[in-house]
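The values are calculated or read from the model by the stated rules, or taken from the named source; none is laboratory data. Source: prediction; values computed, not measured. Reconstructed Cβ throughout: ideal geometry from the backbone, glycine too, with neighbour counts over all protein chains shown. With ligands, DNA and RNA removed, areas are computed over all heavy atoms of the protein, side chains included. Shrake-Rupley method; radii C 1.70, N 1.55, O 1.52, S 1.80 Å.
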Amino acid sequence: MQRGRSPFAGRLGEEVASTTFALHDDGRDPGRRRLGPVSTAREVPRRRTALIEGGALQSYLYDTYTANREGT
């Protein structure tokens, strides 16, 4: 998103798929693969995030560094 190379850049709220399509990221899923050890001092909140719902782009996924940089 930062460099504008994604086809989804600047399209939040726009229809990007069929109106019956939904895509979610669920950080609470116990079977989810972890990318690294979790520090108890800097625990990252985990929740279900709607990325595409009803065909419309609702959100982007960020790593901690990029989210802080973007103010998200």
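Of the residues examined, Leu35 is one that is at pLDDT below 85 and either open to solvent by less than 60 Å² (accessible area, probe 1.4 Å) or not basic (Lys, Arg) (or both).
Yes or no: Thr40 at pLDDT 80 or above, loosely packed, with under 10 Cβ neighbours inside 10 Å and either hydroxyl-bearing (Ser, Thr, Tyr) or assigned to a loop (DSSP other than H, G, I, E, B) (or both)? Against the criterion (at pLDDT 80 or above, loosely packed, with under 10 Cβ neighbours inside 10 Å and either hydroxyl-bearing (Ser, Thr, Tyr) or assigned to a loop (DSSP other than H, G, I, E, B) (or both)), Thr40 does not qualify. Give the range 12-24 a look and list any residue that's in a loop (DSSP other than H, G, I, E, B), in contact (Cβ under 8 Å) with a residue 40 or more places away in the chain and open to solvent by 70 Å² or more (accessible area, probe 1.4 Å), or say none. Leu12, Glu14, listed by residue number.
The residues on offer are Pro30, Pro7, and the sole one that is modelled with pLDDT of 85 or more, open to solvent by 90 Å² or more (accessible area, probe 1.4 Å) and assigned to a loop (DSSP other than H, G, I, E, B) is Pro7.
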